[in-house]
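No lab work stands behind these numbers, since they all come straight from the coordinates. These figures come from a predicted structure and were not determined experimentally. Reconstructed Cβ throughout: ideal geometry from the backbone, glycine too, with neighbour counts over all protein chains shown.
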C-alpha cells in the first residue's frame, strides 16, 4: 500500500502538463504529484539521464539494474529490466545481476566495471578511487561523470520508491 496514498488525477495531470505532457502515467508519478515542483525537477533529471548521455544505454541500464538489485528495489527492477533488454543487454547478464552474481575480478568488460561501480556506490556510498579511475580510463570523463549521476539518481530513486512503497502498475489483462 503506498504511503501516502497516490495523488488524485487532477494533481497527476498538473504534474504531467507542459513539457511533461504525454509521459506514461506511472505510479511513481502519482506519488511525485504530491510535490509537483520537485516532482517535475526530478522527472527532468530522469529524462536527461535516460535520453541525453554519452554513456551507452546498455551500460546505463546495467548500472540501474545493479542499483535496483543492491537496494532490493523491485519496482525499479521491473521497470528497468525491460528497458535493459530494449537497450541490448543480454538476458544472461540480467539474470546474473538479479541473482546477485559475483563480478569476476578478471572480467575486464565495461559491463563488469559498471556493475562494480554500482555495487560499490550502493554499499559504501561512493565508487572507490581505483574503480572510478578505471571508469574514466575506459569511458572518458563525460561518460564517467554521467555514470556517477545515473547511479546517484537511481540510488535516491530507490530510497523514494521503497519509503513511499510505490507499487507496480496494474495492467488490464490482454483482450481475448
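Listed values, structure above:
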| read-out | value |
| --- | --- |
| Nearest 10 degrees, 0 to 90: helix 57-71 Cα axis against the chain principal axis | 80 degrees |
| Cα gyration tensor category, rounded, prolate or oblate, for the stretch 9-51 with a/c compared to 1.5 | prolate |
| Helical mean residue ellipticity (222 nm; -39500 (n - 2.57) per DSSP H run of 4+; nearest 500) of the chain | -21500 deg cm²/dmol |
| Nearest 10 degrees, 0 to 90: helix 74-86 Cα axis against the chain principal axis | 70 degrees |
| Taking the chain and dividing mean pair separation by its residue count, relative contact order in percent (alpha carbons under 8 Å, at least six apart) | 30 percent |
| Stretch gain in nm, segment residue 26-residue 156, where the contour uses 0.36 nm per residue and the Cα spacing is subtracted | 45.0 nm |
| FRET efficiency, 1/(1 + (r/R0)^6) with R0 35 Å, evaluated for residue 99 and residue 133 via beta carbons | 0.75 |
| Distance in nm between pseudo-label sites at residue 123 and residue 9 (7 Å out along the Cβ direction from Cα) | 4.8 nm |
| Length released on extending from residue 35 to residue 83, taking residue separation times 0.36 nm less the Cα-Cα span | 14.6 nm |
| Angle in degrees between helix 129-164 and the longest Cα principal axis of the chain, rounded to the nearest 10 | 30 degrees |
| Correct choice for semi-axes √(5λ) of the Cα gyration tensor in Å that was computed from the model, options (1) 27, 17, 16; (2) 30, 18, 15; (3) 22, 21, 16 | (2) |
